[in-house]
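Worksheet for the structure shown next.
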Amino acid sequence: MDTLEGLGVEAILYQGHTWGGCDIALHEARVLGIKHIIHVGHHGPVRVKIPDDIKVLFIPAFSNLSVEKCVYNAIQPLSGYRKIGLLSSIQHYRELNKAKSILEEEGFTIEVGCSKSMPRGLVIGCDLTTALSIRDEVEAYLVISGGVFHPLGVAIATEKPVIRADPYTGKAENIARETEKVIRLRLSSIVKAIDAENFAILVSTKPGQYLLSKAIEIKK
């Protein structure tokens, strides 16, 4: 803010959440008459077309933490596999090559997924195509990220073993137990829904998640 204002730019700080490249404050910008948005945290727009009258600059929020400790700690959980798919959330994306080198020095064969919609090796919550692109070439995945959100997505989408390496804690672990728990909860919800007489269909107004036509189709 200080830098922008020092350049003579009138800056307004948006204090709402931005959960991803699909969650851009376009509506708020229009209400305030803003023509330029600086979106900090994500790599770019996801499932949303930026309108011509608003310019959006995406600045990825890269972590300064080294991934060495958590990657070395992942060697033991990965020991039963040789062909590994390597992926990362945006925060640790710049450390992918370092992680790849460490694992290759330990004798693993490393594949880094690529897809048309995502940069090489990057996974986000609603786009796991980089993981799926190498599914048939690997035995397991190592996902470098904080928490279990991204690793869980990879595990459910690929149905393969996933080890998560967390640079914030330095720990690494197989998330089979967490994956099984989530799948059981989903199956439980489906079973309950079979006997339900009424359903509510929720529609998000986030630019990249707004699927009203799909909701109407489901209702019919």
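Bear in mind that the values in this text are calculations on the coordinates, not laboratory data. For clarity, every value in this text was computed on a predicted model and none was experimentally measured. No Cβ is skipped: glycine too gets one built from the backbone with ideal geometry, and neighbour counts run over all protein chains shown.
Annotations
- Computed from the C-beta positions of I194 and I216, the FRET efficiency with R₀ = 22 Å rounds to 0.45.
- Too-long pairs where the Cα-Cα distance tops 26 Å, listed order kept, from K192/K214; K35/K206; K55/K220: K55/K220
- For the pair segment 65-142 / segment 178-213, the C-alpha centres are spaced 29 Å from each other.
- Placing pseudo-labels 7 Å out from each Cα toward the beta carbon at T129 and R30 gives an inter-label distance of 2.7 nm.
- Ordered from longest to shortest, the equivalent ellipsoid semi-axes for the chain are 33, 27, 14 Å, each the square root of 5 times a Cα gyration tensor eigenvalue.
- D (Stokes-Einstein, µm²/s), Kirkwood Cα radius, segment 2-60, 0.890 mPa s at 25 °C: 202 µm²/s
- Reciprocal of mean inverse Cα separation for segment 129-220 (Kirkwood radius, Å): 15.8 Å
- Given K49/K98; K49/K160; K49/K116, the pairs whose alpha carbons are separated by over 22 Å: K49/K98; K49/K160
- Debye, to nearest 20: dipole size of the chain, +1 on Lys, Arg Cβ, -1 on Asp, Glu Cβ: 480 debye
- Helical content alone sets the calculated 222 nm signal of the chain at -9000 deg cm²/dmol, taking -39,500 (n - 2.57) per DSSP H segment of four or more residues and averaging over every residue.
- Length-normalised contact order for segment 46-195 - Cα pairs under 8 Å, 6+ apart - percent: 24 percent
- Per-selection Kirkwood Rh - segment 68-174 (Cα, Å, 1 d.p.): 13.1 Å
- Contour excess over end-to-end distance, with Cα ends at E180 and E159 and 0.36 nm allotted per residue: 6.5 nm
- Cα centre as origin, Lys/Arg/Asp/Glu Cβ charges: segment 81-166 dipole, Debye: 180 debye
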